[in-house]
1. When the residues of region A:223-272 are filtered to those that are of a type in the set (A, V, I, L, M, F, W, C), farther than 20 Å from residue A:116 by Cα and surrounded by fewer than 23 Cβ atoms within 10 Å (Cβ to Cβ), which remaining residue is farthest from ligand 3 (Cβ to nearest atom)?
2. Of everything in region B:246-291, what is of a type in the set (Ser, Thr, Tyr) and over 22 Å from residue B:168 (Cα atoms)? Give them in sequence order.
3. Please specify each residue of region A:137-166 satisfying the condition of being more than 24 Å from residue A:213 (Cα to Cα), in contact (Cβ under 8 Å) with a residue 12 or more places away in the chain and more than 14 Å from chain B (Cβ to nearest Cβ).
4. Any residue that is of a type in the set (Ser, Thr, Tyr), touching a residue at least 24 places away in the same chain (Cβ under 8 Å), part of a helix (DSSP H, G or I) and within 13 Å of chain B (Cβ to nearest Cβ) - is there at least one of those in region A:117-131?
5. Among A:239, A:247, which is more than 14 Å from chain B (Cβ to nearest Cβ) and either within 16 Å of ligand 2 (Cβ to nearest atom) or in a helix (DSSP H, G or I) (or both)?
6. Looking for something more than 27 Å from residue A:94 (Cα to Cα) and in the same structural domain as residue A:91 (by TED's automatic domain parsing) - is there at least one such residue anywhere in region A:185-204?
Amino acid sequence: MHSTPVTGSAARSTPAGGAGPATAAPVLEIEELSVRFATPDGEIPAVNAFSLAIRPGECVGVVGESGAGKSQSFLAVMGLLASNAKVEGRARFEGRELLGRPADELNQVRGSRLAMIFQDPMTSLTPHMRVGDQIAESLLRHTSISPAQARARALALLNRVHVTDAERRLDQYPHELSGGMRQRVMIAVALACDPVMLIADEPTTALDVTIQAQILQLLAELKRDQGMAMVLVTHDLGVVAGIADRVAVMYGGRLVELGSVRQVLKAPRHPYTQALLRSMPRVDEPADAPLLTIQGQPPNPRRLPPGCAFHPRCSFAQETCRHERPPLVELGASRLACHFPVPAPATPPAEVTP
Amino acid sequence: MMRYALRRILGVFPTLFIIITLSFFVIRLAPGGPFDEEQALPPEIKANLEAAYGLDRPLTEQYLRYLSGLVRGDFGPSFKFKDFSVTELIAQGLPISLLLGLSAVALALLVGIPLGTLAALRQNSPTDYGIMGVAVLGIALPSFVTGPLFALVFGLYLRWLPVAGWETGQLRYLVLPVVTLALPVIAYIARLTRGSLLEVLRTNFVRTARAKGLPERQVILKHALRPALLPVVSYLGPATAFVITGSLVVETVFGLPGSGRYLVQGAINRDYTLVMGMIVVYGSLTLTLNLVADLIYGWLDPRVRYD
Ligand SMILES: Nc1ncnc2c1ncn2[C@@H]1O[C@H](COP(=O)(O)OP(=O)(O)OP(=O)(O)O)[C@@H](O)[C@H]1O
Ligand code: SF4
Ligand SMILES: [Mg+2]
């Protein structure tokens, strides 16, 4: 098998299929990002040498189990990490380096060109501020419109995210809204200044199933209509299938597989991705087909197994896996970090064929 | 908010009523009475005196009479300060005590909150350690130590301020007493503010505010500080009680003619009406400040207005 180790600079090339012109420069280019947390009992490596480039208008799903480093990677990009975090690497947004920059510099980008929404809508809005003011605040910060115009725009945004009875909601407090409504408000806040990119960190995890579907539909609609680039962090490969163009799979703080949705979901090459897929219910299989869970626990970042972090749980593992960490290599348009990948199907999925 | 406020205001009266009733009967449980002197009075004179003040009546009748007097704003005559009514005695001392107590609470808020905020924003810096170190001292040292110390340093030694005493209209006499009384409260409020602000700064909504690209100042002042002050506001009730008891000590140390001494003297002398008067006044004061604290709480946190 021919493979090239991916280094920082190589990560910039080889766009895979998806939205946006394949040749356009990435909106966000993360290179060799690492995040470590200093704690009283030693450092926790939460993210290791993570590289990912997101092109204008495309949606990249980032999946992985709890603790895989998904949130910390993107909080690092936003400059929102906890104070005990140490960051290394580069993250260029529209050509501008974000990592390690002071807050007032980041503040020119955050909330205007680059927005983020979070997992828990119940606690992510300021409890003592009216919803309308929380949306208007972003506008007043980043544009030079009047408070009255900001209010009008807040109203339009609430309508845009399909909040019913928007006029009245403007003057309500967050606790007067349901979880789904609050997440819509969060999205309205994020959209306020027409960002070119939205990072959505498990935007539906805390919501019940019907509401989840509605929020995802809204995100899909926004992506389509506004041509916004999007990162969708989730546990759930099913969520990714509906919206994303590409999927990045993380394990133990590292990127282990990256490819088009089609390739990753139909023909995963990494044993972990395969196991993830097998652990989720499928519409194209009988409802009573046995659901497999991935054996073992997600790794504790404090004590990552040596070699391939997945080896204690991997059914493909061999001796090498225990000692040597598999490098991330390019396979056509995809990337993979595994010594003994799942064999590719005889006829590879269409997009991956060059 | 109006309904919430109204409910809270109405809630004060039953509480006050319970305080009055309980105190009225509990005071009578103490052995001795107002006319038990060192040299016992001849029984018939004592009986006459008791009859004159209605003390020979059944306790429930006395209680009802006291209540009906209260409703008319009459605290009754003092048993010991023979020529004064309780109202007159309280009217003499209360303004000074009120000025002392309220200034102390106000000073504590005005100084404690900014200090706590500063310490939180500079967490684990020398500024933080300095403020918190002084706060520990402020809480640990009792006013009967800090009071004379301040009098010594700023009064006798530096001669900036009067050592003790009182002249009407001369606010200089209040400075040291107010600072002495406020010091532990400042310290406590600074610690409360620091701890709670640090906690709020880790919440999701502060992260959202930062993700909006708001300047840090705005994040703190508009998003974080208000919820961070909730514990401080809750502490205002206990703080008032603390200041009231503390003012007894401070008034004595600095020789202020406040009303605190009446509570002590009244209790020693079994001057029932005077003690009751003080309890009613201080009780109402504490309840009022608790009420104010509740209303501020409701304003700070819209969630408590609806329950
Ligand atoms: N302030 C911190 N101090 C120490 N460790 C931290 C801190 N913040 C996060 N971590 C650790 O970093 C690791 C990666 O966390 P991260 O939030 O990125 O996981 P995730 O992939 O988003 O998982 P989830 O699906 O549960 O959100 C976790 O093990 C977490 O415990
Ligand atoms: S490197 Fe080895 S242990 Fe890791 S996923 Fe591949 S086969 Fe499994
Ligand atoms: Mg997460």
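1. A:267
2. The answer is B:272, B:273, B:282, B:284, B:286, B:288.
3. Correct list: A:151, A:153.
4. No, every residue in region A:117-131 fails to be of a type in the set (Ser, Thr, Tyr), touching a residue at least 24 places away in the same chain (Cβ under 8 Å), part of a helix (DSSP H, G or I) and within 13 Å of chain B (Cβ to nearest Cβ).
5. A:239
6. Within region A:185-204, one or more residues are more than 27 Å from residue A:94 (Cα to Cα) and in the same structural domain as residue A:91 (by TED's automatic domain parsing).
Matching residues to (1) in a helix (DSSP H, G or I); (2) more than 19 Å from residue B:278 (Cβ to Cβ); (3) more than 20 Å from the chain's Cα centre (by Cα):
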{"residue": "B:67", "(1), (2), (3)": "yes, no, yes"}
{"residue": "B:79", "(1), (2), (3)": "no, no, yes"}
{"residue": "B:93", "(1), (2), (3)": "yes, no, no"}
{"residue": "B:101", "(1), (2), (3)": "yes, no, no"}
{"residue": "B:111", "(1), (2), (3)": "yes, yes, no"}
{"residue": "B:116", "(1), (2), (3)": "yes, yes, yes"}
{"residue": "B:120", "(1), (2), (3)": "yes, yes, yes"}
{"residue": "B:123", "(1), (2), (3)": "no, yes, yes"}
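Yes/no matrix, rows are residues, columns are (1) at pLDDT below 95; (2) within 16 Å of ligand 2 (Cβ to nearest atom); (3) among the small types (Gly, Ala, Ser); (4) not assigned by TED's automatic domain parsing to the domain that holds residue A:230:
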site	(1), (2), (3), (4)
A:24	yes, no, yes, no
A:29	no, no, no, no
A:65	yes, yes, no, no
A:77	no, no, no, no
A:83	yes, no, yes, no
A:100	yes, no, yes, no
A:110	no, no, no, yes
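The values are calculated or read from the model by the stated rules, or taken from the named source; none is laboratory data. Quantities reported herein were computed from a predicted structural model and do not represent experimental measurements. As a convention, Cβ positions derive from the backbone with ideal geometry for all residues, glycine included, and neighbour counts pool all protein chains shown.
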